1. Could you state the orientation-averaged shadow area of the convex hull built on the Cα atoms of chain B, in nm² to one decimal?
2. If packing is taken as the mean number of other Cβ atoms within 10 Å per residue, what is the order of B:276-288, B:240-252, highest first?
3. Mind checking which of A:Ala35, B:Tyr247, B:Val269 is farthest towards the positive end of the protein assembly as shown's charge dipole, using Cβ charges of +1 (Lys, Arg) and -1 (Asp, Glu) about the Cα centre?
4. Where the only charges are on Cβ atoms (+1 Lys, Arg; -1 Asp, Glu), what is the dipole of the protein assembly as shown about its Cα centre, to the nearest 20 debye?
5. Taking the Cα centre of the range A:10-136 as origin and charging only Cβ (+1 Lys, Arg; -1 Asp, Glu), how large is the dipole, in debye to the nearest 20?
6. Please identify which residues in the range B:125-157 have an amide N closer than 17 Å to a label point set 7 Å out from the Cα of B:Val175, following the Cα→Cβ vector.
7. So for the range B:35-187, taking the charge dipole from beta-carbon charges (+1 Lys/Arg, -1 Asp/Glu), which of B:Ala47, B:Pro144, B:Ala107 sits furthest toward the positive end?
8. Packing-wise, with mean Cβ within 10 Å as the measure, how do B:142-150, B:303-311, B:128-136 rank, highest first?
Amino acid sequence: MPLPDFTLPGPLAAIARHLPERPAAFAFTTALNLAKRAGKLAGDWEFLEGRTVRIEIEDLGSGVTFTAAAGRFHPVGNEPEVRFAARASDYLKIALREEDPDTLFFQRRLKIEGDTELGLELKNHLDALELPAFLDRLRPH
Amino acid sequence: MRKPELVCPAGSLPSMKAAIDHGADAVYMGLKDATNARNFAGLNFDAAAAREGIRYAHAKGRKVLMAINTFPQAGQSATWRRAVDTAADWGVDAVILADAALLDYAAKTHPNLRRHLSVQGSATNYEAINLCRDLFGIERAVLPRVLTVPQVEHVIQHTEVEIEVFGFGSLCVMVEGRCLLSSYATGESPNTAGVCSPAKAVRWAQTPQGMESRLSGILIDRYGNDEPAGYPTLCKGRFEVNDETYYALEEPTSLNVVAMLPELMKIGVSAIKVEGRQRSPAYVAEVTKTLRAAIDAAVSEGARYHVKPAWQAGLGKLAEGQQQTLGAYSRPWK
């Protein structure tokens, strides 16, 4: 069953806006590092070394900014080189391969600002991954 | 009536598998360099992914075509020749070539490797196609998207070379193999560097007036908050001409031939191609699934064939500009 469209509840965003981003960013990059160590992030991620990417969840009013150093992902506080912005449900649809990022871009549901080439390279690297089975469990049955 | 082959795009291994799993008869792919016309950062195949993709396709009885469809620049032809050698070594089913010297190299060095003339070869008449057959032994030609259905039929009636036409995907100004618009702004074009509007030259920015799309600093469009966006190419920009701002060259649209599949089959089209190696596996899966169903229905239903609303809705959602057209195929005024 395809994932339904949803917007995170307003009160959640009201709370999230006042929380520091670091803990969420730490959880996010730790998950990436674990996935990489488990061989779930195949391919060459060298292009992310020393680059700063921000993934913003619009309906949460918050996001994570991270970089890669010596092959590991870390949260950072500095200005990102490229910034993605979309709703949580649209990120999930991209991850589940239900929606094509170009489609969401045409429909203005996915925004990319800053270094477009870095953003495109990241998108194409994610596309080249075989979909991990755990993602499928996020789908409503 | 022969059933045309469905040829689908693969910019990555998951896209290739998605195309095969959803019913593509053939997939086309390229290397991670300027030898193909979708030379985008992070896209395309290295040796490991290509070998796995070819193994996967062949295990299911499908074909893999390799696009080497840009034009070698002076002093660099060795890279393009090496790409042809690589294709032969990997055992792809055909190479899709545009450059005459490269076609000649392939014909002489790998006579058993099937050769298709790329859309970038810009052959729009049967004389050009037959000349390529005589000189380089091409077995298929991909027609540029500029001919009407009667013109396509005229080509097919005068050549033994198989004819492949585009069936779905983003349209551009279609000066195929000859477009230099992107070079004008960025110094790179599909013909030379394998990329139109290279990402390094593209910048999007949210401004109080809307989202601005710039190419090498040149403002090519500004989208209102809920206005659909298109690819950041010069040909699809809105420009001020005589105090009026509009799509002065071409609007962002997608070709969709589902409604005229029976006609294309009747005139003897050998293959129907889907554009979009730059797109994600989700797009490839949806378009392949829909065109597979439509082609199968056109064969089995004959005169009772009708376009299912669900097909058009699914394809419409993925279309650039969210407008679909029959393109040059239909020119009622002609």
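1. Over every viewing direction, the Cα hull of chain B projects on average to 17.8 nm².
2. The most tightly packed comes first, giving B:276-288, B:240-252.
3. A:Ala35
4. 960 debye
5. Its charge dipole is roughly 480 debye.
6. Within reach of a label on B:Val175: B:144-147.
7. B:Ala47
8. B:142-150, B:128-136, B:303-311
Here, each number is a calculation from the coordinates, and none is a lab measurement. Not measured: the values here are computed from a predicted model. Neighbour counts are summed over all protein chains in view; Cβ atoms, including those assigned to glycine, are modelled from backbone coordinates with ideal geometry.
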